[in-house]
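Comments concern the structure below.
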Amino acid sequence: MRIFAFIHLLVSIPHGYSNYVETKAGQFFSSGHTNNWAVLVCTSRFWFNYRHVANTLSVYRSVKRLGIPDSHIVLMLADDMACNYRNPKPATVFSHKNMELNVYGDDVEVDYRGYEVTVENFLRVLTGRLPPSTPRSKRLLSDDRSNILIYLTGHGGNGFLKFQDSEEISNMELADAFEQMWQKRRYNELLFIIDTCQGASMYERFYSPNLMALASSQVGEDSLSHQPDLAIGVHLMDKYTFYLLEFLEEVHPASQANMNDLFKVCPQSQCVSTPGHRTDLFQRDPGSVLITDFFGSVRKVEITKDTINLTSPVEPPIQRQVEHSFVADISSQKPKQKDWHPPDGFILGLWTLILLVFFQTYGIKHLKHIF
Amino acid sequence: MNERQWQSTDVEVNRSDGTKNSETFTPAPAKDQFQEELVIRPLHSGDIYASFQFRTLWDTDFLQEGQKKVSHYRLFPKSLGQVLSKFSVQELHISFTQGFWRTMQWGQPFIPSPPGAELWVWFHHTVSDVDGNWKELTNVLSGIFCASLNFIDMTNTVQPSASFKPLGLGNATDHRFLRYATLPREIVCTENLTPWKKLLPCGSKAGLAVLMKSEKLFHSSFHSQAVHIRPICQDEQCTSKAWELRQTLNVVFDHYTSGQGKKEWSLFKMFSRTLTEACPLASSSKVYVDITDNPELFELSPATPLLSQAVVLGDRRTYSVYDLTRAETFGQLRSFNLLLRWKGDNMLRPLLHAERYVAGFGLQTGEIHTVIYNNHPYRAFPVLLMDSVPWYLQLYIHTLTVTSKSRDNKPSYIHYQPAKDRHRPHLLEMLIQLPPHSMTEVTVQFERALLKWTEYTPDPNHGFYVGSSVISALVPSMVAMSTNFTQDQPLFSSFVPVKEESSYFVRVYTEPLLVNLPTPDFSMPYNVICLTCTVVAVGYGSFYNLLTRTFQVDEPSPPLAKRLANFIRRIRGVPLLA
C-alpha cells in the first residue's frame, strides 16, 4: 500500500512540475506591456519653488534606477535650480535636509527646460502632434504596448494646474488628451501621479480606459511641503513625494511590490493631506499590478538551454534561472562632508529659556495671560 | 544544442579600377585619430584657468558628391556626423558659457565665447534653402545638447558680412551661407555637460575627461564648453582634406570660492579627482602647465624635465609638459596630481579689451555705450565691431557716434541692416581704427517697444537680454607668430590659423545687456472684471430695488410669555395685552 502511494507520489511530481512550468510559461506571455515610458513634469518657476524641481528629479532618479533609459524619459523642468545663482552648492539639487541625497546627480538629461515647459508643449508631447523638426529625445514615441508613467507637480487648484505662473491646464483638457492617446493607441496602461494642492480634482474627469491615478490631496485640501534646509534656505521636497521617494528607494527591479502598497504611501498622519487614488477605469486588479510595471523597465528574460514544449509535459529541467536584466547601477551616493547645521532642539531650548526668565522676573501670576 | 559557427562573411569590394573581386573582409586602416590635452594657466589675479581640448581628426569627406555615404564611425561621434551630412554643414561652432570672461584680470582666453549659447554655422555652397536647413539644424542640436536652441529663429539670427570668416578651409566669401545666433539667456548645467561628455571616444571613463565632475566644474567663475567642427588641410600642400572636431572646455576657478583664499592649487582641489591613465584611444594625451612666470610667481610639483615653448596670443610662453601616455608620469601611486603654490602678485595689461553698458533712465529710451580700449603703447590697429540688437530695442542710427580721444572717429566700413518688427534683429558691423593707447566709445540711442501681451515671457520683470557684441581684430604681436603648419603643435596654439607673423587674431566679447521693457500689469484683466462686476452689481442692483421694491408694515410677533398670557386671557375673556 505504502509502496503504491509512494509510486503514485513519484509519478505525480513530474506532472505537478510540468504544471508549474506551464503556469510559469503562461505568466511569461501574459503581461500586457513591452516597453515603458515616463513623462515627468515640473511646472513651477522661481527659486522658492525649488521643491517642485526636487520632486520631479527624485521620481526621475527612481525611474532611471529601476531601468527606464533616458531615451524613454521625457523630463520637463520649468526652471533651473541646480545652476541657479542662488544655489549655494551649484550643480546639485537635494531632497533631504543636511544635503544627504543629491537627486540631480552627474548623468541627467533634461528634454524641455525653462520657457519650453508650456501647456501646449506638454499636450503635444502626450498626443504626439509635434512639428516634424522635433528631435527624438523630445518625443513620446510610445505604442499600444507601452506602459506610461506621468508625474506632474507644481501649484494647482480645484480643477487646474498652473504652468509657470502664466497659464493653466484644466482637468478636462487633460482627460481629453488621454482620450486622444487612447484613440491613437499610444498607451497600454497609464499611471498618473500628481502632487499639487487639491490634486484629486485633476483626475476626476478621466474617462478613458486603463488609467490609474494617484493624487497627494483631496479637493479642498492643500499639499504641504516637507522640510526646509537652513543652508539652502528653501523647502526641499513636498511631503507626498518625499514619502514616495522613501518607498521607491526600497523597490528594486525584481521586487514584487504592488499598487496596493503604493496607495498606502503617506497616510494622513504623515502627509496631513489625504492622498487619493482612482482605479475604476483600470482593468486589472491593483493588487496584481507590480510597481515595476510602471516605474521600471523590467525585461522578462529567461535564459534556458533546453527547448520547452508547451503542449505536452516536459522533463524537469536541471537548472533554470530566470534572470531579469538589470541596467547598470547609478553611482552610489557617498555620504558627503556635512556642513554644520544647528540642532533641531536649539530653537526650542531658546524659547524655553526666554519663557523661564520671563516668569522668574515677573512672577507666575502672568501665566493666566498666556493660557 | 547545436554549436554556432562564426564565419567570416565574404564581401565584394568595389575597387577604384572598376574590377570586382570578392575576398575576405579586412578592416580598413584607421583614418581617424584622437588627441587630448589640458592646459593649466595660473592667472594673475590668483585664479586658475584650465582648458581642455579634445580633437578628433578624420580623413573623410561628408560633402563630396558621388561618394558613398559614410556609415562606419569609429572615433568621430555618429550623431554629429549625421548632422553634418544631412544639413550640408561646412563649419559648425557652438558654445555654452556660464559667466563672463574678465579680460582685465585674466588676460585673453584660448577660445573666446560669450555668455549664454552661441551658434554660428557656414553651410556648403550647394545648399539651396539655407534658412530651412538652419531651422532644422537648431532643432536637432537642441535635442543633442539638451538646450533650448529651438528658440533660435529669424528674430535673433543675423548674417554677419565680415566678422565671422571661416576658420577652416573654405573659399566661401558669400555671407549668405553664414548664420549667427546667440541666446544670452541660456543656462548651462549638468544636463548640457552629460551629452557633451558622451561625444568623446572614451566618454568620461578614461583620460582627461575623468576630471569633469559637474559639482566642481559649475562651482566656478567661468565655465564654457564648446564644439567646433571644420574641414582642414592634412598637410602643407593641402592635397587631402580632413574633418576636425574640437571639443573644448574652459573653466576658471576662483580662489575665493573654491580655494578658501589660499593661492594653492592642485588637480584634486580643482576637480576632486586625479588622473590615473590616458584615454587608450588617444594618440597623444598631454597636460601643459604655463610656467613662464615661474619661479618668481609660483612653484610647481611634481617637476618634469619636459618643456615646450609656444607662441600663443602674441606672447612666447613656456610650458611644462606631462605626457600621460608614458607610465612614469603617474609615479608609484599610479595617480597624477599636480600642485601649484603661489608666491606673489602681478598686474596685467591686455592689449585689447572692451566693455558695454546701457545708460539712461526710465522705460522709454536708453543709450548703448560700447567702450573699446587699445593698450598698445604706439601701434594703432583696426577692429571690427559687430552688434546684433533685438528688434524690440529700436535703434536710432542717426544718433550713432564713435569718438576716440574726444574726437570723432569715422569708421571706414559700415554694414547696417535695420530690424523688421518681429522678423529680424538689427545688425551693425563697423571697422574702426583704434588710435594707440586710447579709449574709443561707440554710443547709439534706442527706444523700447511695447510687446504684445502674449509675447512676454512668464517672468517679464527679469528683463530681456541683448547678446554680447563681438570685436574681432588682428592685434600686432610683440613676438613673431609661427606660420609653420606642423601636426605636432599643441592644440591650444593651433586653433586659429595664423596667416602672417606680425599679428594674431583675437575675438573679444562684451557683456550681454539686460534691459527692462515696459511691462503691462498682467493682473489688470482680473482687476477690471472684478471692478466692473462690482460696479454693475451695486449700480444695477440698487436701481432695480428702487423700481421694484415695495414696503409693508409687519407686526413683530410677541414673545412667548406674552403669547401664553394672551391665550389664557382669551380663555378667561379678559382684554388682551398690547
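Computed values, structure above
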read-out	value
Residue among B:Gln260, B:Gln309 that alone is modelled with pLDDT under 80 and among the polar types (S, T, N, Q)	B:Gln260
Output for segment B:181-201, where each listed residue is in a loop (DSSP other than H, G, I, E, B) and either under 30 Å from B:Ser388 (Cα atoms) or free of Cβ contacts under 8 Å to residues at least 40 places away in the same chain (or both)	B:Pro184, B:Arg185, B:Glu186, B:Ile187, B:Val188, B:Cys189
Candidate set from segment A:238-250 (those that are in a helix (DSSP H, G or I) and touching a residue at least 40 places away in the same chain (Cβ under 8 Å)); member that is farthest from A:Pro275 (Cα to Cα)	A:Glu249
Top-ranked residue of segment B:185-195 - restricted to ones that are buried (at least 21 other Cβ atoms within 10 Å of the Cβ) and more than 7 Å from chain A (Cβ to nearest Cβ), ranked as farthest from A:Val110 (Cα to Cα)	B:Glu186
Residue that is within 12 Å of another protein chain (Cβ to nearest Cβ) and either over 23 Å from B:Leu193 (Cα atoms) or not acidic (Asp, Glu) (or both), where the choices are A:Asn98, A:Asn84	A:Asn84
Residue match in segment B:153-165 (condition: within 9 Å of chain A (Cβ to nearest Cβ), out of contact with any helix residue (DSSP H, G or I) (no Cβ under 6 Å at 6 or more places or on another chain) and either buried (at least 21 other Cβ atoms within 10 Å of the Cβ) or among the aromatic types (Phe, Trp, Tyr) (or both))	no
Test for B:Ser204: is it within 14 Å of another protein chain (Cβ to nearest Cβ), in a loop (DSSP other than H, G, I, E, B) and buried (at least 19 other Cβ atoms within 10 Å of the Cβ)	yes
Scope segment B:197-243; condition under 19 Å from B:Ser284 (Cα atoms) and of a type in the set (Ser, Thr, Tyr); matching residues	B:Ser204
Single match in B:Ser469, B:Ser503, B:Ser482, B:Ser494 (criterion: surrounded by 13 or more Cβ atoms within 10 Å (Cβ to Cβ), touching a residue at least 40 places away in the same chain (Cβ under 8 Å) and farther than 30 Å from B:Leu427 by Cβ)	B:Ser482
Close pairs (7 angstrom Cβ cut-off, 6 or more residues apart or separate chains): farther than 13 Å from B:Ile94 by Cβ in segment B:111-126, of a type in the set (Ser, Thr, Tyr) and surrounded by fewer than 21 Cβ atoms within 10 Å (Cβ to Cβ) anywhere	B:Phe123/B:Ser88; B:His124/B:Ser88; B:Thr126/B:Ser88
Candidates A:Glu250, A:Glu221 - the one that is buried (at least 17 other Cβ atoms within 10 Å of the Cβ), out of contact with any Lys or Arg (no Cβ under 7 Å at 6 or more places or on another chain), farther than 16 Å from A:Ile150 by Cβ and among the acidic types (Asp, Glu)	A:Glu221
Options B:Val227, B:Val188: the member that is within 16 Å of B:Thr97 (Cα to Cα), out of contact with any helix residue (DSSP H, G or I) (no Cβ under 9 Å at 6 or more places or on another chain) and β-branched (Val, Ile, Thr)	B:Val188
Which listed residue, of A:Ile68, A:Ile7, is away from chain B (no Cβ under 14 Å), within 30 Å of A:Ile148 (Cα to Cα) and either modelled with pLDDT of 70 or more or surrounded by fewer than 24 Cβ atoms within 10 Å (Cβ to Cβ) (or both)	A:Ile68
Criterion violated by B:Glu215 - all others in (1) at pLDDT 95 or above; (2) surrounded by fewer than 23 Cβ atoms within 10 Å (Cβ to Cβ); (3) within 9 Å of another protein chain (Cβ to nearest Cβ) satisfied	(1)
Residue match in segment A:49-65 (condition: in contact with a Lys or Arg (Cβ under 8 Å, 6 or more places away or on another chain) and either within 11 Å of chain B (Cβ to nearest Cβ) or over 23 Å from A:Ser223 (Cβ atoms) (or both))	no
Unmet requirement for B:Trp134, which otherwise passes all of (1) of a type in the set (A, V, I, L, M, F, W, C); (2) under 14 Å from the mean Cα position of the chain (by Cα); (3) assigned to a helix (DSSP H, G or I)	(2)
Residue that is in contact with a Lys or Arg (Cβ under 8 Å, 6 or more places away or on another chain), farther than 30 Å from B:Ser523 by Cβ and at the interface with chain B (Cβ under 8 Å from one of its Cβ atoms), where the choices are A:Asp111, A:Asp143	A:Asp111
Among (1) at pLDDT 85 or above; (2) part of a strand (DSSP E or B); (3) in contact with a Phe, Trp or Tyr (Cβ under 6 Å, 6 or more places away or on another chain), the one test that B:Lys286 misses	(3)
Some residue of segment B:334-351 being farther than 30 Å from B:Leu300 by Cβ and either of a type in the set (Val, Ile, Thr) or out of contact with any His (no Cβ under 7 Å at 6 or more places or on another chain) (or both)	no
Residues of segment A:178-237 that turn out to be part of a loop (DSSP other than H, G, I, E, B), of a type in the set (S, T, N, Q) and more than 30 Å from A:Leu101 (Cα to Cα), as a count	3
Within segment B:95-131, considering residues that are in a strand (DSSP E or B) and out of contact with any helix residue (DSSP H, G or I) (no Cβ under 7 Å at 6 or more places or on another chain), the one farthest from the other protein chains (Cβ to nearest Cβ)	B:Trp120
Those residues of segment B:218-234 which are part of a strand (DSSP E or B) and within 12 Å of chain A (Cβ to nearest Cβ), in sequence order	B:His223
Selection from segment A:123-140 of residues that are within 14 Å of chain B (Cβ to nearest Cβ) and under 21 Å from the mean Cα position of the chain (by Cα)	A:Val125, A:Ser137, A:Lys138, A:Arg139, A:Leu140
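The values are calculated or read from the model by the stated rules, or taken from the named source; none is laboratory data. What you are looking at is a predicted structure, and each value in this text was computed from that prediction instead of being measured. In this analysis, Cβ positions are derived from the backbone assuming ideal geometry, glycine residues included, and neighbour counts consider all displayed protein chains.
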